[in-house]
1. Choose one answer from 125, 183, 210: the residue with the largest mean-square fluctuation in a GNM of the chain with alpha-carbon springs under 10 Å.
2. At a Förster distance of 41 Å, what's the computed FRET efficiency of residue 278 paired with residue 162, Cβ-Cβ distance as r, to 0.05?
3. On a 0 to 90 degree scale, rounded to 10, what angle separates helix 215-232 from the longest Cα axis of the chain?
4. Place a +1 charge on the Cβ of each Lys and Arg in the chain and a -1 charge on the Cβ of each Asp and Glu, then give the dipole magnitude about the Cα centre in debye, rounded to the nearest 20.
5. Springs between alpha-carbon pairs under 10 angstrom, Gaussian network model over the chain: which of 120, 25, 272 fluctuates most?
6. Between residue 100 and residue 30, what FRET efficiency follows from the Cβ-Cβ distance if R0 is 51 Å, with the result rounded to 0.05?
7. Please name whichever of 178, 65, 212 sits farthest to the positive end of the charge dipole of the chain, dipole taken about the Cα centre and charges placed at Cβ: Lys and Arg +1, Asp and Glu -1.
8. Mind putting a number on the dipole of segment 1-103 about its Cα centre? Charges go on the C-beta only, +1 for Lys and Arg and -1 for Asp and Glu, and I need it in Debye to the nearest 20.
Amino acid sequence: MHAQTVLADEPARLAALQRLAILDTPREEAFDNVVNLVRTVLHVPISAVTLVDKDRQWFKAIEGLDATETPRSESFCAYAIQQHAPLLIPDATLDPRVADYPAVTQDPHVRAYAGIPLVTSDGYNVGALCAVDTKTREFTEGELDILRNFARIVVNEMELRRIAERDQLTGALTRRGFLEKANQEIARCHRYGRKASLVLIDVDHFKSVNDTWGHPAGDAVLRELSATLSAAGRSADVLGRLGGEEFAMLLPETAVPDAMAAAERFRTAIATRPIVVAPTRTIAVTASFGIAMLDENITVAEEWIARADGPLYQAKREGRNRCVVG
């Protein structure tokens, strides 16, 4: 694909941004460190790691300005992603593209801007690392080299997150990866008034599988259970392994009645699928399910999981191999 085609392909660029699964995730030290270093080394009051979504600019990290996102129509970085070279604006009041932006005409009165496109490994500009000054200035080539190096660190961090978020045994999201997805869903639902449910899944009597057949058999159970849940879920559902034999399924756009129906579908699929644990041996496995719908009192993923934990343990107490709604 030619460079200009990449820059002009907005649907593919947005798809590359979505693959990073980073929008609306909590702040992380690695990115905060970069923007703090940019401020210190380049002597600017504001620095940010920005990601340009369809209609907004979202800040993965920002220092010097109290904001989490701005409209894309008011974003300097929306221009930075349209080119390969750094975007340099020595005096924003003289640049017709941005001169009337609120950030220029009002507090913080932005004057100078330098933005380095954040280029993914497949060649798409998903955002920018920017240095912003409230005084007019020309950024030197040496300063731009520093920004370029920091931008590479940012992209590496974003892409390493994707590598680390999959559980190697089961292919499900790791706990960290799942929590990030759940936090994104919480933010989306609260912003747009949407519904979502969370299902916790715990393999029944898993210790006895390991004790009787050994850990390779236990691994086979976890792999097969993950495959069964993935096959029984919808394309929009998100499966994570929270640890040991505990899994979670995130169900977007799903209220309690449909979440209960989905959990019953998962339960039946697991209970009716014998798992091969030795060349001539299969075993039947069941799981217990706890269901919790998102509400306005849940603000982070850990709270949502805790809400589903109660009904999960109720299912265990009542005999296992069943679904309970909290």
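1. 210
2. 0.70
3. 70 degrees
4. On the way: 37 positive and 45 negative charges, 215 e Å.
So the dipole magnitude of the chain works out to roughly 1040 debye.
5. 272
6. After rounding to 0.05, the efficiency reads 0.90.
7. Projecting each Cα onto the dipole axis, the largest value belongs to 212.
8. Details: 9 positive and 15 negative charges, 52 e Å.
Here the size comes out at about 260 debye.
The values are calculated or read from the model by the stated rules, or taken from the named source; none is laboratory data. Since we're looking at a predicted model, the values are computed, not measured. Glycine gets a Cβ as well: all are built from the backbone with ideal geometry, and neighbour counts include every protein chain shown. Areas reflect the complete protein model, heavy atoms only, side chains present, ligands, DNA and RNA absent. Shrake-Rupley method; radii C 1.70, N 1.55, O 1.52, S 1.80 Å.
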